[in-house]
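Chemist: Could you have a look at this structure, given as C-alpha cells, before my questions?
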Amino acid sequence: MEKETLKKLIDSGLSLRQISDQTEKSLTTIRYWTKKYDLKSNYKSFKFLEKKEYGEYRYCPSCEKNCQTENFYQRRGRPNSSTYCKDCTTIQTLNRMQKLKKLMVEYKGGCCVICGYNKYMGALEFHHLNPNEKDFNPSQMKKYTFDSRIKNELDKCILLCSNCHREIHGKVVVPPGLEPGIED
C-alpha cells in the first residue's frame, strides 16, 4: 500500500477499520502499513480506546441502582470501569463458586467417604490422598466451567466432612486409600 494513499485516508478522519473496509484490505494489513510508515491514526474513532470519565455516580445494571463511582472495580487498567458495582460482582463470584463446588461435590459422590455426612455443602472438603500430586486446591477455584482439569484434580482427592478432615490431619483416623504416614 502506498504511503500517500494511506496518509490521505488517515488525515480524512477514517479509523483503521474504515480504511480496511474502503480499501478492501484486512485490518491487519492496514495496521502493518500504518506502523511501517510510522503514521498515527485517528484513535478517537475507536470507542474502546477512549478514556471515559465517570461522574460521581454510575448505574449498576445488576442491582439497578446508582452507586458511587468508587464502588466499581478497575477493569482493563481503567479505574472504576467494571460493569457491575463491587457488591454485585462479589455476589456473582460467590454464586459462581458455589455452583462449581456443588458440581465438584456431586462428582465425588455427594457425601463424606468416612461418615456419610451430606447435610451442608459448606462443611464438605476435598482431601488430597498424596500431597505431592497436588496441582491446586479445588475448593478455591474461581473458574466458570467444570472441566477435565478440575476432574483430574478431584480424582486425586477424597470428599470429607470438616470433622473427619480434621481427624485425618490430627492422625486420629486414616482415610480409605491413604497409606499411613502420607498426609495433605
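Where a number appears in this text, it was derived from the coordinates with a stated rule and is not lab data. This is a predicted model, so every value here is computed, not measured. All Cβ positions, even for glycine, are placed from backbone atoms using ideal geometry, and neighbour counts span all protein chains on display.
Chemist: Are any of the pairs 65/102; 86/156; 119/171; 86/108; 40/86; 119/156 more than 27 Å apart by Cα-Cα distance, and if so, which?
Modeler: Working: 65/102 31 Å; 86/156 35 Å; 119/171 25 Å; 86/108 33 Å; 40/86 37 Å; 119/156 24 Å.
Over 27 Å Cα-Cα: 65/102; 86/156; 86/108; 40/86.
Chemist: A further question on this structure: Do the sum for the chain: with -39,500 (n - 2.57) for every DSSP H run of n ≥ 4, divided by all residues, what is the mean residue ellipticity at 222 nm, to the nearest 500 deg cm²/dmol?
Modeler: On the way: 6 runs with 64 residues, N = 184.
Only helices count here, giving -10500 deg cm²/dmol.
Chemist: With only alpha-carbon pairs counted, each pair once and no self-pairs, how large is the Kirkwood hydrodynamic radius of the chain in angstroms? Write out the running numbers ahead of the final one.
Modeler: Values: mean 1/r = 0.0464 Å⁻¹.
Here the Kirkwood hydrodynamic radius works out to 21.6 Å.
Chemist: Any idea which of 10, 89, 73 is furthest toward the positive side of the dipole for the chain, if Lys and Arg beta-carbons carry +1 and Asp and Glu beta-carbons -1?
Modeler: 10
Chemist: What is the magnitude of the charge dipole of the chain about its Cα centre, with +1 placed on the Cβ of each Lys and Arg, -1 on the Cβ of each Asp and Glu, and no other charges, expressed in debye to the nearest 20?
Modeler: Details: 33 positive and 23 negative charges, 160 e Å.
For this selection, approximately 760 debye.
Chemist: Projecting each Cα onto the charge dipole of the chain (Lys/Arg +1, Asp/Glu -1 at the beta carbon, about the Cα centre), which of 29, 111, 170 comes out farthest on the positive side?
Modeler: Most positive-ward Cα: 29.
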